[in-house]
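Just below is one structure, and these are the notes that go with it.
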Amino acid sequence: MKILRSDLELGMNKKLFEVSSQDLPEKGINFLDDRIICNLSSVKFMKYFKLYGNLKVKLKLECDRCLNSFNENYDLKINFLVSPSDKRDEKYESEIIFLPEKNDYIDISDLISDMIILEKPIKSLCLNNCKGLCNQCGKNLNHVNCSCKFDLKNNNVFKALKKLKLN
């Protein structure tokens, strides 16, 4: 996704960008919708341009407990500073993007892709109380009750560790 220097200098106000998910770098993200909606605004801020707005994306995720696919909508906040200098200014909490004077645009596709992948949860669940799969028969416990019997006294997964002798 390219942002023109002229748009930054003039100041954008909730400019709508529609980006195809195919235009973003491949990072293992399963998009539900090919269209990503992005509203951006910019203001001149000292020697920087402040670029802010939001990004709406729909992802197709897989539940880590039951392995079912489910859809998730994300509304991500964008907040960057665009700088003509590649020197870091530690007093600003925003991410700083370097835009050399000779360039007419910046490409923020990598940043958008990174933001999306960082927003995905470490553990994806279709439901907060997802029951997962039966570890005996493999049935999805959200849909059916299995008749598997669990002998907790004799089926101790740590039984082999008791036999382990350490020096």
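Grab the beta carbon distance between Leu16 and Lys131, set R0 = 41 Å, and tell me the FRET efficiency rounded to 0.05. My answer for the efficiency is 0.50.
Can you compute the FRET efficiency between Ser124 and Phe45 using 1/(1 + (r/R0)^6), with r the Cβ-Cβ distance and R0 = 30 Å? Round to the nearest 0.05. Approximately 0.20, to the nearest 0.05.
Between the entries (1) 19.8; (2) 16.1; (3) 17.8, the label attached to Kirkwood radius over Cα pairs in Å calculated for this structure is (1).
For the chain, the share of accessible area belonging to carbon and sulfur comes to 48 percent (1.4 Å probe, ligands and nucleic acids excluded). Full extension of the segment from Ile96 to Lys139, taken as 0.36 nm per residue of separation minus the current Cα-Cα distance, would add 10.6 nm.
Relative to the current alpha-carbon distance between Tyr52 and Lys149, full extension at 0.36 nm per residue lengthens the span by 29.4 nm.
Leu141 sits among other residues whose Cβ lies under 13 Å from its own Cβ, and their net charge, with Lys and Arg +1 and Asp and Glu -1, is +3.
Amide H contacts under 5 Å for Leu99: Ser83, Ser85, restricted to partners 5 or more places along the chain or on a different chain, H placed in the peptide plane at 1.01 Å from N. When +1 charges are put on Lys and Arg Cβ atoms and -1 charges on Asp and Glu Cβ atoms, the dipole computed for the range 1-146 relative to its Cα centre reaches about 420 debye.
About its Cα centre, the dipole of the range 100-139 is roughly 680 debye, where the only charges are +1 on Lys and Arg Cβ and -1 on Asp and Glu Cβ.
Within the chain, DSSP assigns beta bridges of which about 90% are antiparallel (rounded to the nearest 5).
Near Ile37, once Lys and Arg are set to +1 and Asp and Glu to -1 for all other residues with Cβ below 11 Å from its Cβ, the sum equals 0. The residues of the range 28-133 present an accessible area of 62 Å² per residue when probed at 1.4 Å with all protein chains retained. Pairs exceeding a 31 Å alpha-carbon distance, out of Lys44/Lys123; Lys131/Lys159; Lys15/Lys60; Lys15/Lys58; Lys15/Lys47: Lys44/Lys123. Over the chain, Cα pairs under 8 Å with separation of 6+ residues give a relative contact order of 20 percent. Have a look at Ile112, Gly132, Ser21 and report the one farthest towards the positive end of the charge dipole of the chain, computed about the Cα centre with Cβ charges (Lys/Arg +1, Asp/Glu -1). Ranked along the dipole, the leading option is Gly132. Label point of Asp104 set 7 angstrom out along Cα-Cβ; within the range 2-25, amide nitrogens under 15 Å from it belong to 2-9.
The values are calculated or read from the model by the stated rules, or taken from the named source; none is laboratory data. Quick caveat, the model's predicted, so the values are computed rather than measured. Neighbour counts run over all protein chains shown; Cβ positions are idealised from the backbone, glycine included. Just so you know, the surface numbers come from the protein's heavy atoms only, side chains and all, with ligands and any DNA or RNA stripped out. Shrake-Rupley method; radii C 1.70, N 1.55, O 1.52, S 1.80 Å.
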